[in-house]
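The values are calculated or read from the model by the stated rules, or taken from the named source; none is laboratory data. In this text, all values refer to a predicted model and were calculated from it rather than measured experimentally. Please note: Cβ atoms are built from the backbone with ideal geometry, for glycine as well, and neighbour counts cover all protein chains shown. These accessible areas exclude ligands, DNA and RNA; they are computed on the full protein's heavy atoms, side chains included. Shrake-Rupley method; radii C 1.70, N 1.55, O 1.52, S 1.80 Å.
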Amino acid sequence: MLDLHELPEDGKGFELEDGWLIEVAAGSRHNWAARNLSRIIEAAAVRAGAAVIVCDGGEWEISTPAGIRKPDIFVIPREVARAVIIDESPKVIPGREVLLAVEVVSPGSSSERNDRVRKVGEYAAVGISQYWIVDHHPNPRVQVLTLGEHGYTATPAVIAGTILTSEIEADKSFEISFDPAVLLEF
């Protein structure tokens, strides 16, 4: 079996799902929306003084019951990130440490079904408090799923022109508030 970490990136990302390598699709529009959202989340955490790190990009990995996932964005406690970076232990972040996971959907890609269906169960199973599904085409919108006793509860998607507000539980909880339209702004 190929080692996930030995594969060349070549602008592509891979996840490990039930022992199979799955290519994760992303284009420039997808990446721009993810970049903007990462900055919004990070700014909210900094304003609140929360000891968290906002991880984005394909080099960060989390473990789930199905294997290794690379959310587009996720938030972890600062001490967990420190252990990964300084001590290099663990190499893969346990999903239970993730406070928020975000997937930016690439419409029509092979990963779209995983983002909308499969990861909902996986992320709930490891206890990720919030999972956001971001659509950027044709217009930006964000659906927030919040973990409860019986899995995630989904709220209606927040569309461009309205404001999404969500509280992230951390050492110091912080509120994120934005109009999804900003995800595609320059």
So in the chain, what percent of DSSP beta bridges are antiparallel if you round to the nearest 5?
80 percent
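What number, in nm² with one decimal, is the all-direction average of the projected area of the convex hull of the alpha-carbon atoms of the chain? Please report the intermediate quantities before stating the final value.
Details: hull surface 42.3 nm².
Orientation-averaged projected area of the Cα hull: 10.6 nm².
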Segment 90-140, relative contact order in percent, only Cα pairs under 8 angstrom and at least six apart counted
51 percent
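Taking only C-alpha pairs under 8 Å that are 6+ residues apart, what is the relative contact order of the chain in percent?
On the way: 359 pairs, mean separation 36.2, N = 186.
It rounds to 19 percent for the chain.
How many lysine pairs in the chain, separated by 8 or more positions in sequence or lying on different chains, have Cα atoms less than 24 Å apart? Don't skip to the answer; put the middle values down first.
Values: Lys12/Lys70; Lys12/Lys91; Lys12/Lys119; Lys70/Lys91; Lys70/Lys119; Lys91/Lys119.
Lysine pairs meeting both conditions in the chain amount to 6.
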Virtual spin-label span in nm between Ala154 and Glu59, 7 Å along Cα→Cβ
3.4 nm
How far is it, in nm, from the label point at Thr146 to the one at Ser89 when both lie 7 Å from their Cα along the line to the Cβ?
3.8 nm
Quantify, in whole percent, the carbon and sulfur part of the accessible surface of the chain (1.4 Å probe; protein heavy atoms only).
52 percent
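About the Cα centre, and with charges only on the beta carbon of Lys, Arg (+1) and Asp, Glu (-1), how big is the dipole of the chain? Nearest 20 debye, please. Before the final figure, lay out the partial values.
On the way: 17 positive and 29 negative charges, 88 e Å.
With only Lys, Arg, Asp and Glu charged at Cβ, the dipole is about 420 debye.
Give the accessible surface of the chain per residue, rounded to a whole number of Å², with probe radius 1.4 Å and ligands, DNA and RNA excluded. Write out the running numbers ahead of the final one.
Working: 9500 Å² over 186 residues.
Spelled out: the 1.4 Å probe surface of the chain, per residue, equals 51 Å².
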